[in-house]
1. Among residues belonging to region 48-72 that are polar (S, T, N, Q) and in contact (Cβ under 8 Å) with a residue 12 or more places away in the chain, point out the one that is farthest from LEU10 (Cα to Cα).
2. Give the residue that is modelled with the lowest pLDDT, with candidates limited to residues of region 1-10 that are within 21 Å of GLU77 (Cα to Cα) and open to solvent by 100 Å² or more (accessible area, probe 1.4 Å).
3. Check GLY66, GLY38, GLY62 and return the single one that is within 12 Å of the chain's Cα centre (by Cα) and of a type outside the set (A, V, I, L, M, F, W, C).
4. If we scan region 11-26, do we find a residue that is assigned to a helix (DSSP H, G or I) and open to solvent by less than 50 Å² (accessible area, probe 1.4 Å)?
5. Residues of region 33-74 being surrounded by 12 or more Cβ atoms within 10 Å (Cβ to Cβ), of a type in the set (D, E, K, R) and part of a loop (DSSP other than H, G, I, E, B), which ones?
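The values are calculated or read from the model by the stated rules, or taken from the named source; none is laboratory data. Keep in mind it's a predicted model, so treat the numbers as computed, not measured. Reconstructed Cβ throughout: ideal geometry from the backbone, glycine too, with neighbour counts over all protein chains shown. Keep in mind that these areas ignore ligands, DNA and RNA; they rest on the heavy atoms of the full protein, side chains included. Shrake-Rupley method; radii C 1.70, N 1.55, O 1.52, S 1.80 Å.
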Amino acid sequence: EEEGFTYAPLYRVTEPPQLLETLKLEYPDRAREFQKEGVVIIEVDIDTQGHVVSARIIEEPGWGFGEAALNAVQKAEFTPAK
C-alpha cells in the first residue's frame with residue numbers, strides 16, 4: 001500500500017502478476033452443441049499474496065463463455081505484482 005492507494009494499477013508496477021497454472025475452463029455445453037468459440041475479457045484484482053480479490057466480465061460473446069471464464073479465473077492464483 002502507498003499513500004492513499006489500496007491497489008497498484010499495472011502502470012505503477014515493475015513486474016506484473018503472472019498466472020501460476022493454466023486455467024481449467026469448463027467448455028459450456030450450449031457452445032459445444034452449436035460448435036461456438038469466443039473470447040472473454042475479464043478485469044481481475046489481485047491481492048499482495050496473488051489471490052483473486054474480485055473479477056468482472058468486460059466483454060464476452062455469450063453462449064456461457066463469460067460465466068465459465070469467470071468461474072475459472074476466480075480460482076486462479078498469481079505471483080503478486082512488484
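1. It comes out as ASN71.
2. Result: GLU1.
3. GLY66
4. Among the residues of region 11-26, not one is assigned to a helix (DSSP H, G or I) and open to solvent by less than 50 Å² (accessible area, probe 1.4 Å), which makes the answer no.
5. Matches in region 33-74: LYS36, ASP47, GLU60.
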